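Accompanying notes for the structure given below.
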Amino acid sequence: MFSAMPDQAVSLRGLRKTFGSVEAVAGVDLDVADGEFFAMLGPSGSGKTTVLRMIAGFESPTEGVVELAGRDVTRLAPFERDVNTVFQDYALFPHMTVLQNVEYGLRVKRVAKAERRERAHDALRSVRLDGFDARRPAQLSGGQRQRVALARALVNRPRVLLLDEPLGALDLKLREEMQVELKAIQREVGITFLFVTHDQEEALTMSDRVAVFNHGRIEQVGTPAEIYERPATSFVAGFVGTSNLISGYAAPAVLGKEGTFSVRPEKLRVVLGDGEGAGPDEHEAAGTVSEVVYAGPATRFVVDLDAGGRLIALQQNLQVSSMDVLGLRGSRVRLVWHRRHEFAIADAPAPGIPREAAHS
Ligand code: ATP
């Protein structure tokens, strides 16, 4: 079997896991490079937590191989693997102080006291919690508890840190702050972070690369920009942002080619009346506005295309006052976009029906 390059922190080969008749993981291949901040993103039940647990060693694969730094660890116990896991509920010891919680792993490994102290203080400093040594978990905020859990994992200096919905227990504002913080901490310590989330914004904000899971499989791996701007499948297009598909079969006159393509709503320009249409390298499709929603900084149009199908356009600079926007329902418009914002979708879903619009 192909063996991972040494600069891969994690390599998964043909990973499968069944629970009775449920196929939780249905064949996953993945390489995560040393030092990457990597997200496994997908809806509930798509198998990402099971993959994380197989990397940690809490679950053994039905089939396939887990390699850490090029070494096959598939049959090794969790403590024999160079990984640490931060759980969503943090699992801190309530009767211990912050310092004792962070030192705990080193005490178990019988690291001498002086070194233990130094490493624990280093870890607390890296999560910006110096001065909190003597507190107990109950005396900390949610975000601070999260950092203690992080420090407790970092103190072991693992090669890979696994994080299961690390910000899931925090409220929205704190979560947004911690997204930035977590990214900064990861950059400083230089350890590979592999985290599980069902929150697309979180995955796009924090990660170097993202794997999008669906039904126990990976549909696409790429940088946040690649995933967002060039979704490879209709599932990715719909799960990450708003799916906006235009079918070449339905609209050959517009696209001049066959196939199904995705265009993000903010890449579409809404042209009213006899405004300027498509320039060179642009495409244009005429249609009728079926819905307009004024949404603060941007206005959202749902347009039924003459050529068939429906697109959503998000417009920031409309030359119409916000008062008049709602009156545009039923108007004739043209949608214009640059060809470089149009990406082929591998699987062929129903033509031109954006997911959100189809539900509305
Ligand atoms: P979530 O975000 O809700 O945790 P997930 O994408 O992480 O979802 P998994 O937790 O990996 O998904 O679960 C994948 C599938 O495997 C689900 O159908 C789940 O019910 C099933 N499953 C997971 N663990 C077990 C188990 N120990 N026994 C039986 N079925 C399980």
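Laboratory data are not the source of any read-out in this text; all were calculated from the coordinates shown. All values reported here derive from a predicted model rather than from experimental measurement. Positions of Cβ are backbone-derived with ideal geometry, glycine not excepted, and every protein chain shown enters the neighbour counts.
Kirkwood Rh over Cα pairs of the chain into Stokes-Einstein at 20 °C, 1.002 mPa s: D in µm²/s? Show your work: numbers first, answer last.
Details: Rh = 22.8 Å.
Diffusion coefficient, whole number: 94 µm²/s.
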For residue 173, list the lysines whose Cα falls under 23 Å from its own Cα; do not include residues on the same chain fewer than 8 positions away. 183
Crossing angle, helix 98-108 versus the chain [Cα axis fit, 0-90 degrees, rounded to tens]: 60
What whole number of Å gives the distance from the Cα centroid of region 284-308 to the Cα centroid of region 197-273? 18
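Counting other beta carbons within 10 Å of each Cβ, put 96, 40, 54 in order, fewest first. Spell out each step's value before the answer.
Values: 96 14, 40 29, 54 24.
With the fewest neighbours first, 96, 40, 54 line up as 96, 54, 40.
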Under 13 Å Cα to Cα from residue 109, which aspartates and glutamates show up? Leave out anything in the same chain fewer than 8 places away. 80
Taking the Cα centre of region 8-236 as the origin, how large is its charge dipole in debye, to the nearest 20, when only Lys and Arg (+1) and Asp and Glu (-1) carry charge on their Cβ atoms? 980
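Figure the gain on full extension for residue 281 and residue 110 (residue separation times 0.36 nm, minus the Cα-Cα span) and round it to one decimal in nm.
54.9 nm
Compute the length gained on full extension between residue 60 and residue 171: take 0.36 nm times their separation in residues and subtract their Cα-Cα distance, giving the result in nm to one decimal.
Numbers: separation 111, 0.36 × 111 = 39.96 nm, distance 3.34 nm.
Gain in length upon complete extension: 36.6 nm.
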Compute the length gained on full extension between residue 288 and residue 157: take 0.36 nm times their separation in residues and subtract their Cα-Cα distance, giving the result in nm to one decimal. 41.3 nm
Below 12 angstrom from the Cβ of residue 305, what's the summed charge of the other residues (Lys, Arg +1; Asp, Glu -1)? 0
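Just flag the trypsin sites (Lys or Arg not before Pro) in region 76-163 sitting in loop per DSSP whose Cβ has no more than 12 other Cβ atoms within 10 Å.
Numbers: sites: 81, 107, 109, 110, 113, 116, 117, 119, 125, 128, 135, 145, 147, 152, 159; in loops: 81, 109, 110, 128, 135, 159.
The qualifying sites are 109, 110.
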Where both partners of a DSSP beta bridge lie in the chain, what percent of those bridges are antiparallel, to the nearest 5? 75
Evaluate E = 1/(1 + (r/R0)^6) for residue 340 and residue 23, where r is the Cβ-Cβ distance and R0 equals 41 Å; express this FRET efficiency to the nearest 0.05. 0.60
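Would you calculate, for the chain, the mean residue ellipticity at 222 nm contributed by helices, counting each DSSP H stretch of 4 or more residues as -39,500 (n - 2.57) and dividing by all residues, to the nearest 500? All intermediate terms of the calculation are to be shown ahead of the outcome.
Numbers: 11 runs with 97 residues, N = 360.
After summing the helix terms and dividing by the residues of the chain, the value is -7500 deg cm²/dmol.
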So which lysines can residue 17 reach, going by Cα to Cα under 23 Å and dropping same-chain residues fewer than 8 places off? 48
